[in-house]
Amino acid sequence: MNLEKYLKEKAEIIERALVDRLPSENTVPHVIHQAMRYSCLGGGKRLRAILALEACSAVGGNPETVLDFACAIEMIHAYSLIHDDLPAMDDDDYRRGKLTNHKVYGEGIAVLAGDALLTHAFEILTYMSKYLDAEMVVQIIKEVSEACGSQGLIGGQVVDLKSEGENIDLNTLEYIYQNKTGKLILVALRGGAIIGGATAQQLAAVTLYGENFGLAFQITDDILDVVGDTSKLGKEVGADLRRQKSTYPSLFGLTKAREIAKNCISQCEKALVVLPKRNDYLHALARFVLEREY
Ligand code: GRG
């Protein structure tokens, strides 16, 4: 398997699906739709969307039925990145190799573009009622709402923001990672599996995979912020140190941080054993987390 080719092909499928599901730039008010498309299209690994497709396939579902869900997750991810980059948050100038949304459209429009992407994502989720049971759609919308809310992404971001310049303990760091990074990855996988018709046991396995994947993913992100290459990452490195953020490398050192991420990925691989279909790509995606340079 050529993982790079696979990731590129899947990302292209997601990109095309997003192009169709975002309001066109000709829709009034033009500027908000331009800003939404600027940050949601033309960049990003589409990892969360790909995880949703693979979780669906791994439990025997048809990945085409996950496209609306996968796009909604990518819209929510794009919203979170736009807001995370704002001057009031991380104040970053570059994301995905291009200027951040507020640098191009100004802060006001960037806040609104993020809000509009989040709102549009929920509209897209309702499209699933055309081909899924209403009960399943409601369950998924509930899980996505919880993952995004004050006890999910936002909660993680709040504690992250409040912890800048502080020496935080491991429990606090784990809370930040589980919520800020982990919850969206987890719900992407769970949603894909639910749409694919997962049994309770399969959903538990996907959940275990997702929890470990999310933690390993954020630890690698921390490591790349120390040893990564700006041109590959499409954003500046060294930001955590500048902002005096506690991270796995700052608490444990690089070697130990790598070892912890590796252990998480072993847990991911163990979790996959109970899934009914071949899931080579879920294995490969887990390994990609450890090896990625972008
Ligand atoms: C509501 C004001 C407000 C903010 C919410 C939740 C939130 C903002 C921000 C958290 C977003 C964040 C930066 C999480 C960290 C996760 C992370 C490592 C993101 C980068 O993900 P990749 O590498 O990005 O998958 P690409 O560009 O490939 O999609």
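The fraction of accessible area contributed by carbon and sulfur in the stretch 3-291 is 52 percent, rounded to a whole number (1.4 Å probe; ligands and nucleic acids excluded). Say a site is exposed when it is one of the GluC sites (Glu not before Pro), sits in a DSSP loop, and has at most 11 other Cβ atoms within 10 Å; what is then the longest site-free stretch of the chain? Longest stretch, sites excluded: 1-165. Dimensions of the stretch 217-267 from C-alpha coordinates, computed as largest minus smallest value along each principal axis and given longest first, are 30, 23, 14 Å. By the rule of a C-alpha distance below 18 Å, with chain neighbours fewer than 8 residues away ignored, the lysines paired with Lys8 are Lys45, Lys232. Taking every Cα-Cα distance in the chain and sorting them into 5 Å bins from zero, the calculated P(r) comes out as 1, 6, 12, 17, 19, 19, 14, 9, 4, 1, 0 percent.
When the chain is treated as a GNM with alpha-carbon contacts under 10 Å, the residue of His30, His83, His283 showing the greatest mean-square fluctuation is His30. Counting 0.36 nm for each residue step from Lys8 to Glu166 and taking away their Cα separation leaves a gain of 53.0 nm. In the context of the full protein assembly, Asp91 retains an accessible surface of approximately 80 Å², using a probe radius of 1.4 Å and ignoring ligands and nucleic acids. Accessible surface computed residue by residue for the stretch 95-222, with neighbouring protein chains in place and a 1.4 Å probe, gives 44 Å² per residue. Projecting the Cα positions of Val237, Tyr79, Val273 onto the charge dipole of the stretch 3-291 (unit charges on Cβ atoms of Lys, Arg, Asp and Glu, taken about the Cα centre) puts Val273 furthest along the positive direction. Counting only protein chain heavy atoms and rolling a 1.4 Å probe, the accessible areas of Met136, Met1, Met128 rank, largest first, as Met1, Met136, Met128. Take the Cα of Val159, go 7 Å toward its beta carbon, and the backbone nitrogen atoms of the stretch 191-227 under 16 Å from that spot belong to 211-212, 214-216, 218-219. When restricted to Cα atoms, the stretch 145-294 yields an Rg and a Dmax of 15.7, 46 Å, respectively.
So what's the gap between the Cα centers of the stretch 110-133 and the stretch 230-276, to the nearest angstrom? For the stretch 110-133 versus the stretch 230-276, the Cα centre distance is 30 Å.
In the stretch 115-152, which chymotrypsin sites (Phe, Trp or Tyr not before Pro) fall in coil by DSSP and have 14 or fewer other Cβ atoms within 10 Å? Passing both the DSSP loop test and the Cβ count: Tyr131. The Lys142 and Ala204 beta-carbon pair, evaluated with R₀ = 22 Å, returns a calculated FRET efficiency of approximately 0.75. Annotation: extensible slack from Asp229 through Asp20 equals 72.0 nm (criterion: 0.36 nm per residue apart, minus Cα-Cα distance). I need the trypsin sites (Lys or Arg not before Pro) found in the stretch 139-217, filtered to DSSP loop residues with at most 10 other beta carbons within 10 Å of theirs. Taking the stretch 139-217 and a limit of 10 other Cβ atoms within 10 Å, no loop trypsin sites (Lys or Arg not before Pro) are found.
The values are calculated or read from the model by the stated rules, or taken from the named source; none is laboratory data. Keep in mind that this is a model prediction, so the values were computed, not measured. Reconstructed Cβ throughout: ideal geometry from the backbone, glycine too, with neighbour counts over all protein chains shown. For the accessible areas, the whole protein counts, side chains as well, though only heavy atoms, and no ligand, DNA or RNA atoms are used. Shrake-Rupley method; radii C 1.70, N 1.55, O 1.52, S 1.80 Å.
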